Structures are given as C-alpha cells and as structure tokens.
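A.B. asks: The structure is given below, and queries will be raised subsequently.
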Amino acid sequence: MKTINTEGQTQWFVMRDLKRSNAKLPAYKMLMEEKIELFVPMKWQLVIRAGKRVRMEVPFMQDLLFVRDTRLHLTPIVDRTLTLQYRWLKGTYREPMVVPDKEMERFIFAARSSSEPKYYLPEEITPEMYGRKILIVGGQLDGYEGYLLTTRGSKVKRLLVELQGFLAVGVEVNPEYIQLI
C-alpha cells in the first residue's frame, strides 16, 4: 500500500481542546486570533457572569473543533499548545481525522443558514427520528438532500444534515421548499 504525503495539503482536521469550559482563551479563540479557518458548533446557553444571568454562545461540545489548514502549519501550534490535540483515527499510528472539504462545507453552510441550529451526537439520533427522505427545492438550502427530522411535539420542520461519525445538525426548513423523494 502506498502512502500519500498530505502534510502540505489544506484539509479539515478534527481536533480537541482540553481546556476547561470557563477558560479565558479556549483553543478556538486562539486559532481565530492567528487567522486560521475553523468551525466550532455553537449553541446558546444561559451563564452567570458577575452575578447576572447572561445569554452567551458557547461550544456545543467543549472539546470538538474543526480546523482547516495544512498539517505542516498546524503541528507547531499543536506542539506549543498543550491542551490542543489532533483527534486520531482508531487503529492507526498518529493518523489525524480529516473531513472531506465538500462534506464540511455543506455541513457548515447548513448550520449557518439557521438562526438556531440543533446539534446531535451520532448516538443521540434514533431510527425513529429519521423521517421521510426529502429534497429541498428553493431557498438557501436549494439542492440539499436528507431526512426530515421528526421530534415529538415539534411543529417546526427540520432537515437533518450529518457529518458522518461526528455530528449532525437539524436546520429549520420552510415547508414550501420540501419535496418528498
């Protein structure tokens, strides 16, 4: 088997930040300051700051971030930041997890198209949640294919967009754009 040297190629790396949730400078903020492209799934949460309850945007999973860069540029940053690590593929020796560009861009666009996306871990999605297979025709998500997310008591129609093995996002879809497949 021939190994391909991809160290100089820009890719979406799956990384983890081991800092505590109340850290002043989490890894995603540090990487943003260094002008490195990244995506962190965020959610709104009530937190107490200076004795007052404040609504803040916080990471959905504290230790999950997706970073788009070359391994050559990213490795020195990881080496000097003790709490920042690559996520490694199981059964390999130091082979970092990467997500294909198209899949990641599709996921990011879907997540950012909704004002309040709902994120799900793979183990949270039950077979009952998968509704009918749909195609979105028109609107921001034109051409997206996926499953209609069915949750009890919800009147909102959501399209389930998955990042296989990592995360899924349910984004609100206008019923007039839904076409059953």
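A.B. asks: With each run of n ≥ 4 DSSP H residues scored as -39500 (n - 2.57), what mean residue ellipticity at 222 nm is computed for the chain after dividing by its residue count and rounding to the nearest 500 deg cm²/dmol?
C.D. replies: It comes out at -5000 deg cm²/dmol, rounded to the nearest 500.
A.B. asks: Then there's this: Is the chain best put as rounded, prolate or oblate by its Cα gyration tensor, with a ≥ b ≥ c the root eigenvalues, rounded for a/c under 1.5, and otherwise prolate when a/b is larger than b/c, oblate when not?
C.D. replies: oblate
A.B. asks: Compute the long axis of helix 101-113 from its Cα atoms, compare it with the longest principal axis of the Cα atoms of the chain, and write down the angle in degrees, 0 to 90, nearest 10.
C.D. replies: The helix 101-113 is inclined about 60 degrees to the chain.
A.B. asks: Under a cut-off of 17 Å between alpha-carbon atoms, report the aspartates and glutamates in cross-link reach of Lys155, not counting same-chain residues fewer than 8 places apart.
C.D. replies: Within the straight-line limit of under 17 Å, Lys155 reaches these aspartates and glutamates: Glu116, Glu128, Glu172, Glu176.
A.B. asks: Around Leu180, what is the net charge, scoring Lys/Arg as +1 and Asp/Glu as -1 over all other residues with Cβ under 9 Å from its Cβ?
C.D. replies: Local charge sum for Leu180: +2.
A.B. asks: How large is the dipole of the range 38-181 about the Cα centre if only Lys and Arg carry +1 and Asp and Glu carry -1, each at its Cβ, rounded to the nearest 20 debye?
C.D. replies: In total the dipole reaches around 520 debye.
A.B. asks: Let me ask something else. Could you work out how far helix 71-80 tilts from the main Cα principal axis of the chain, as a 0 to 90 degree angle to the nearest 10?
C.D. replies: Tilt of helix 71-80: around 70 degrees.
A.B. asks: Quick one: net charge around Thr81, please, counting Lys, Arg +1 and Asp, Glu -1 for every other residue with C-beta under 13 Å from its C-beta.
C.D. replies: With Lys, Arg at +1 and Asp, Glu at -1, the net is 0.
A.B. asks: Quick check on the range 101-181: take the gyration tensor over C-alpha atoms, sort the square-rooted eigenvalues as a ≥ b ≥ c, and tell me if it's rounded (a/c under 1.5), prolate or oblate.
C.D. replies: Rounded.
A.B. asks: Please report the relative contact order for the chain, taking Cα pairs under 8 Å with a sequence separation of at least 6, and give it as a percent rounded to a whole number.
C.D. replies: Once normalised by length, the contact order is 20 percent.
A.B. asks: State the extension gain, in nm to one decimal, for the chain segment bounded by Thr10 and Lys102, taking 0.36 nm per residue of separation less the distance between their alpha-carbons.
C.D. replies: 31.8 nm is the gain from fully extending Thr10 to Lys102.
A.B. asks: Turning to a different aspect of this structure: Considering only DSSP beta bridges whose two residues both sit in the range 109-181, what percent are antiparallel, to the nearest 5?
C.D. replies: The antiparallel fraction comes to roughly 100 percent.
A.B. asks: I'd like to compare 153-165, 81-93: which one has the highest average count of other Cβ atoms within 10 Å, and what's the full order after that?
C.D. replies: Final packing ranking: 153-165, 81-93.
A.B. asks: Would you calculate the separation in nanometres between label points at Asp142 and Met56, each defined as 7 Å from the Cα along the Cα-to-beta-carbon direction?
C.D. replies: My value for the distance between the label points is 4.0 nm.
A.B. asks: Another question, if that's okay. Set the Förster radius R0 to 25 Å, insert the Cβ-Cβ distance between Arg49 and Ser154 as r into 1/(1 + (r/R0)^6), and round the FRET efficiency to 0.05.
C.D. replies: For R0 = 25 Å, the calculated efficiency reads 0.20.
A.B. asks: Work through the residues other than Arg49 whose Cβ is under 14 Å from its Cβ and net out their charges, Lys, Arg +1 and Asp, Glu -1.
C.D. replies: +3
A.B. asks: Here is a follow-up. Amide H to amide H, which residues 5 or more places from Met97 or on other chains are under 5 Å from it, using H placed in the peptide plane?
C.D. replies: The answer is Val14, Arg87, Trp88, Leu89.
FYI, it's all coordinate maths here, none of it is from the lab. The structure displayed is predicted, hence computed values, not measured ones. Every residue, glycine as well, gets a Cβ built from its backbone with ideal geometry; the counts of neighbours run over all protein chains shown.
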